[in-house]
Amino acid sequence: MTFVPDAPAGLAHIHYDPPLAGVQRPATVALAPPGADCGDWRGALRAELNDPLKVVFQGAYPAACGERVWPVAYPAPREFAARAVEGMWRELGGKLTGSVREGKVPAGLKPAFVSTSPALAEVVRDVNKYSNNVMAQQLFLTLALTRTSGTPASPAAAREVLRRWLSSRLGDLPPEVVIDNGSGLSRETRVTAQLLARLLQQAWGSAVMPELLASLPVSGTDGTLRRFGAATGRAHLKTG
């Protein structure tokens, strides 16, 4: 969801990508009173996002935030693909009939189309610049495919791959280190300051260091640090 304030109209326009068929989503939300700072703008919206068929905003959007993007995962993932395809198709003027059926693809059937992922450096840039937790979790699960190709990715398999990778570079991990998921949104994840410092040193000496550094937000310039108070362009940092 992208929020674009329109001060003369006293509201913010909301753009959704992709459009989802059958889901009611408001096109605008009221602006907060003049002088309201950006702060916790997501909390200020008082969004209700758990209903797969309806999105509701009971709060307001602070104009001081300017244009903001809020990545939100659809609450009914099994319905997402069908609603997205239908929504985009109807937006282009097409019509759809019939229903969606789930099942295994028959052996030997060629795919109707193939979508190639962007390069890893591009994906990591989107993850880090905007602190995109959904993308970070998907990237984490993709690690599992390097261990068990052809089987569904699982958090347990991804954790094992990551632990092996860390051990191969930093030696045996301390028992207090706990890896839970890929987004960082976990109360169980634990890492020592020493281990984190060593990992950053490893990253600095890595062949991919330039790509990693370029993926981090620049103070006062872009990503989650666009409105950061530090001197513009003086530091590459990761928020959160």
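The values are calculated or read from the model by the stated rules, or taken from the named source; none is laboratory data. Every value quoted in this text rests on a predicted model; they were computed, and no experiment measured them. Here the Cβ positions follow ideal geometry from the backbone for every residue, glycine too, while neighbour counts run over all protein chains shown. We work out accessible area using only protein heavy atoms, side chains counted, and drop any ligands, DNA or RNA first. Shrake-Rupley method; radii C 1.70, N 1.55, O 1.52, S 1.80 Å.
In region 90-125, which GluC sites (Glu not before Pro) fall in coil by DSSP and have 15 or fewer other Cβ atoms within 10 Å?
Details: sites: GLU91, GLU102, GLU122; in loops: GLU102.
Sparse-neighbourhood loop GluC sites (Glu not before Pro): GLU102.
Shape of region 127-240 from its Cα gyration tensor (a ≥ b ≥ c, root eigenvalues): rounded if a/c is under 1.5, otherwise prolate when a/b > b/c, or oblate?
Numbers: a/c = 1.90, a/b = 1.55, b/c = 1.22.
Because a/c hits 1.5 or more and a/b exceeds b/c, region 127-240 counts as prolate.
What aspartates and glutamates could a cross-link reach from LYS238, if we take a straight Cα to Cα line under 19 Å and drop same-chain neighbours fewer than 8 places away?
Hits, sequence-local ones excluded: ASP40, GLU122, ASP126, GLU211, ASP222.
How many angstrom separate the Cα center of region 31-82 from the Cα center of region 130-202?
29 Å
Between LEU185 and ARG226, what is the FRET efficiency for a Förster distance of 22 Å, r being their Cβ-Cβ separation, to the nearest 0.05? Intermediate values should be presented prior to the final figure.
Working: r = 22 Å, r/R0 = 1.00.
Working from the Cβ atoms, E equals 0.50.
Could you give the size of the charge dipole of region 100-240 about its Cα centre, using +1 on the Cβ of each K and R and -1 on the Cβ of each D and E, expressed in debye and rounded to the nearest 20? Walk me through the numbers on the way to the answer.
Values: 17 positive and 10 negative charges, 20 e Å.
Charge dipole, region 100-240, about its Cα centre: 100 debye, nearest 20.
When you take every Cα atom in region 48-161, what is the radius of gyration, and what is Dmax, the widest Cα pair distance, in Å?
That works out to 18.2, 55 Å for Rg and Dmax.
Using a simple charge model, +1 on the beta-carbon of Lys and Arg, -1 on the beta-carbon of Asp and Glu, nothing else, what dipole does the chain show about its Cα centre, in debye to the nearest 20?
Working: 26 positive and 20 negative charges, 89 e Å.
With only Lys, Arg, Asp and Glu charged at Cβ, the dipole is about 420 debye.
In percent, how large is the relative contact order of the chain, given Cα pairs closer than 8 Å and 6 or more residues apart? Write down the numbers at each step before the final one.
Numbers: 317 pairs, mean separation 31.5, N = 240.
Once divided by the residue count of the chain, the mean separation gives 13 percent.
Among [x] 126; [y] 168; [z] 184, which one is volume of the Cα convex hull per residue in Å³ computed from these coordinates?
[z]
Per the Kirkwood treatment, what hydrodynamic radius in Å, one decimal, follows for region 148-196 from the mean inverse distance over all distinct Cα pairs?
Values: mean 1/r = 0.0842 Å⁻¹.
About 11.9 Å, per the Kirkwood formula over Cα pairs.
Run the 1.4 Å probe and let me know the accessible area of LEU196, rounded to the nearest 10 Å².
80 Å²
Heads up, I need the accessible area for MET88: 1.4 angstrom probe, whole protein in place, Å², nearest 10.
Counting only protein heavy atoms, MET88 exposes about 90 Å² to solvent.
As a test of reading the structure, rank SER117, SER167, SER219 by solvent-accessible area (1.4 Å probe, protein chains only), most first. Could you put the intermediate results ahead of the total?
Working: SER117 85, SER167 45, SER219 0 Å².
Output order, biggest surface exposure first: SER117, SER167, SER219.
What does the helix-only formula give at 222 nm for the chain: each DSSP H stretch with n ≥ 4 adding -39500 (n - 2.57), the total divided by the residues, and the result rounded to the nearest 500 deg cm²/dmol? Write down the numbers at each step before the final one.
Values: 7 runs with 75 residues, N = 240.
When only DSSP H runs of four or more count, the value is -9500 deg cm²/dmol.
Using a 1.4 Å probe and ignoring any ligands, DNA or RNA, find the accessible area of ASP51 and quote it in Å² to the nearest 10.
Probe radius 1.4 Å; accessible area of ASP51 about 80 Å².
Can you say what percent of the DSSP beta bridges in the chain, counting only those with both residues inside, are antiparallel? Round to 5.
90 percent
So for THR28, THR232, what's the accessible-area order with a 1.4 Å probe, most first? Please report the intermediate quantities before stating the final value.
On the way: THR28 60, THR232 100 Å².
Largest accessible area first, the list is THR232, THR28.
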